[in-house]
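Since every read-out is calculated from the coordinates, none of them should be taken as a lab result. Remember, predicted model here, so these are calculated numbers, not experimental data. Neighbour counts run over all protein chains shown; Cβ positions are idealised from the backbone, glycine included.
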Number of protein chains: 2
Amino acid sequence: MATPTPQTAPAGGLRARKKQRTRDALIRAALELFTEQGYEATTVDEIAEAVDVSQRTYFRYFANKEDVAFAVQEMVEARFMAELTARPATEAPLTALRSAVMVAWDDIGSAIESVIPVELHMRSYQMIESTPALMAVHLRRSSELEEQIARLIAGREGLDVDADPRPRVLVAAFCGVMRVAGKIWGEGADCSVASIRELTQSYLDHMAPAIDDDWRTHR
Amino acid sequence: MATPTPQTAPAGGLRARKKQRTRDALIRAALELFTEQGYEATTVDEIAEAVDVSQRTYFRYFANKEDVAFAVQEMVEARFMAELTARPATEAPLTALRSAVMVAWDDIGSAIESVIPVELHMRSYQMIESTPALMAVHLRRSSELEEQIARLIAGREGLDVDADPRPRVLVAAFCGVMRVAGKIWGEGADCSVASIRELTQSYLDHMAPAIDDDWRTHR
DNA sequence: TGTCAACTGTCAGTGGCTGACATTAGTGTC
DNA sequence: GACACTAATGTCAGCCACTGACAGTTGACA
């Protein structure tokens, strides 16, 4: 179960706070090691040692070696889903998705900072994109999120997600475009939140035109 | 299975034929074990033992435990890419993609049969979709294929895939929709090639309408 | 303060995967 | 057919991810 209180909240008693501290330390240490010497070249023992806990303890916090790399990402996704849920039902589906992303990008930076430096998160993102094993997990996680989004969209529109293909189709197309934007961002030089926000906007603008039959008439 | 193509070709010398036989046997044994007792519950030792080779030999044919599950899939993808390459450049991008898929589905069955029973491949597909570790690899492989397709489409249209976002955007949306179709097929009861072909067609038809702003005006 | 439960460390063991080296078995040549 | 050459395979040792079992430690709470 993910920590329900990710913010600077007092977080219950001493035991709970200690746990949170260990978890955050493991994330920080892991990401630092991964980005510095590479994911494969880093052993779980090293991560555990850096935080001064046993390997066994690491595996009590994270199910496997990959999971720790997505701890921050999980926060970001939760934020997006919250924004999407909050969009008014009067908005058209694609408009709601688009707005939720845009709003989410605006305050995700500070949320990340509560666990690790944003700059480290940026480097981690690039590392994920360039590490096959992590890329695979990243994509699977994305597809699970995709399913959640489709159900939410279907709910807004009063549709049965299994009977009407449109929610899944739209969300698949939307997420596909988002993934491309993320990839291009990772390859680029500008590691700012502003740049990914802008890229997202631009790519979503291209969605409808790209589906048009003939690209040659309107260059 | 009429075998109109020289699929049963002599394939070089004895050594080469033996190698091919071992490889096919490993695939068959692995898929049979995976689908019967589950992917995780099957060890590489079991697969190797079923074919009467050493574990080390298995790893000389396949880089890891996952790879063997995608050997047939790889054939299918190659077939699709060949069809896509063969489409006339006068076709609009989405039309070419669509046509290539449709043509490919038509004769993929017999190509698969040359290695394993189609029915086993169907069960394997479902197993992949329901095994997280394999699903992750499946998605990564798909995204790599996606990149190839985008470059091919860009080439057809005389565009720079890095400068013009439309190829990647279209392909991302297209592949997203294809993936949803595959998923729905895997969940359904009809395990025929005809049914996935039909599903694909139907879902692609929904693509453009789904992107429209308002779903309520044209139900 | 003492009891309980949560957290952690240690240890042993399984399974995926690799490098090194010896052995076996097609291939081409005389 | 004997012979060297080399690809394919088997064996073995070892690393690393991951897990179950058990014991020790430390917050929580009456």
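Annotations for the structure displayed:
- With contacts taken as Cα pairs under 8 Å and at least 6 residues apart, segment B:68-211 reaches a relative contact order of 23 percent.
- Gyration tensor (alpha-carbon) shape descriptor, the protein assembly as shown, a/c threshold 1.5: oblate
- Distances between equivalent label points of B:Ala92 across the copies, with each point positioned 7 Å along Cα→Cβ, amount to 1.8 nm, shortest listed first.
- At least 30 Å along the helix axis (C-alpha) and Kyte average at least -1.0, DSSP helices within chain A: A:14-37, A:93-113, A:132-157, A:166-187
- Cβ-placed point charges (K, R +1; D, E -1), dipole of chain A about Cα centre in debye, nearest 20: 680 debye
- Value of relative contact order over segment B:1-112, rounded to a whole percent, pairs C-alpha under 8 Å and six or more apart: 22 percent
- Based on C-alpha pairs under 8 angstrom that are at least 6 apart in sequence, segment B:14-65 has a relative contact order of 30 percent.
- Ranked for footprinting exposure by Cβ neighbours inside 10 Å, fewest first, A:Ser124, B:Ser192 give B:Ser192, A:Ser124.
- Given R0 = 41 Å, the distance between the Cβ atoms of A:Glu113 and B:Cys191 translates into a calculated FRET efficiency of 0.25.
- For the cross-link pairs A:Lys19/B:Lys183; A:Lys183/B:Lys183; A:Lys65/B:Lys18; A:Lys18/A:Lys183, the ones whose C-alpha atoms lie over 29 Å apart are A:Lys19/B:Lys183; A:Lys65/B:Lys18; A:Lys18/A:Lys183.
- Mean-position separation - Cα centroids, segment A:139-182 and segment B:135-166, in angstrom: 21 Å
- Cα centroid separation - segment A:46-69 against segment A:106-120, whole Å: 22 Å
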